[in-house]
Amino acid sequence: MVEGIPSIWRKIPNRYRLEGNVCETCETAYFPPRVVCPKCRRKGKLVKKRFSGNGKIYSFTKVYTPPTGLELDAPYHLAIIELSEGPKILGQIVESDDKKVKIGAQVKMVFRKMKEDGNAGLIHYGYKFKVID
Ligand SMILES: [Zn+2]
């Protein structure tokens, strides 16, 4: 499976590398990337931007009944992360003490296994977040 990763990496960069874009005109950052800046329209100039993966918990919920493929993780926290560059994204919180999962807690992105497709032997990876002390 290792040789398969580079091609997937190229196809969906924003899932793996947290790549979005930023409007040079109004300096608003977007994730996932936008085609047009909704604030500036045609005056906006969008350029690629890779986000640091650092941010804080904006809001969260605890999931007890997970979707297929995530049963082993349950219960787990699903949070809206406000990235330090501005955009808000949804992500699973992993490897963090329950007591530390709260609004305003600082988090960083980690690259983790998302789910395993047993039949095809495929393992899907993506970003998750971890509370930092
Ligand atoms: Zn703009």
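Annotation: amide H of C26 within the under-5 Å range of K45, sequence separation 5 or more or interchain, hydrogens built in the peptide plane. Distances between placed amide hydrogens fall under 5 Å for V94 paired with F129, K130, V131, all partners being 5 or more residues away or on another chain.
Counting only protein heavy atoms and a 1.4 Å probe, the stretch 52-131 has 59 square angstrom of accessible area per residue.
The residues V94, V35, sorted by heavy-atom accessible surface at 1.4 Å with ligands and nucleic acids left out, run V35, V94 from largest to smallest.
Accessible surface of K49, taken over heavy atoms with a 1.4 Å probe and every protein chain present, rounds to 60 Å². For the stretch 69-133, the carbon plus sulfur part of the accessible surface works out to 52%, probe radius 1.4 Å. Put Y64, Y127 in order of accessible area, highest first, and with a 1.4 Å probe you get Y64, Y127.
Counting only DSSP beta bridges whose two residues both lie in the chain, roughly 95 percent are antiparallel.
Taking every protein chain into account, the 1.4 Å probe leaves E95 with about 100 Å² of accessible area, to the nearest ten.
Return the tail of the calculated pair distribution for the stretch 52-131, meaning the percent of Cα-Cα pairs more than 20 Å apart. Result for the distance tail: 32 percent. For the chain, C26 stand unpaired, since no other cysteine beta carbon lies under 4.7 Å from theirs.
The values are calculated or read from the model by the stated rules, or taken from the named source; none is laboratory data. Since we're looking at a predicted model, the values are computed, not measured. Please note: Cβ atoms are built from the backbone with ideal geometry, for glycine as well, and neighbour counts cover all protein chains shown. These area figures cover heavy atoms from the full protein model, side chains too; ligands, DNA and RNA do not enter into them. Shrake-Rupley method; radii C 1.70, N 1.55, O 1.52, S 1.80 Å.
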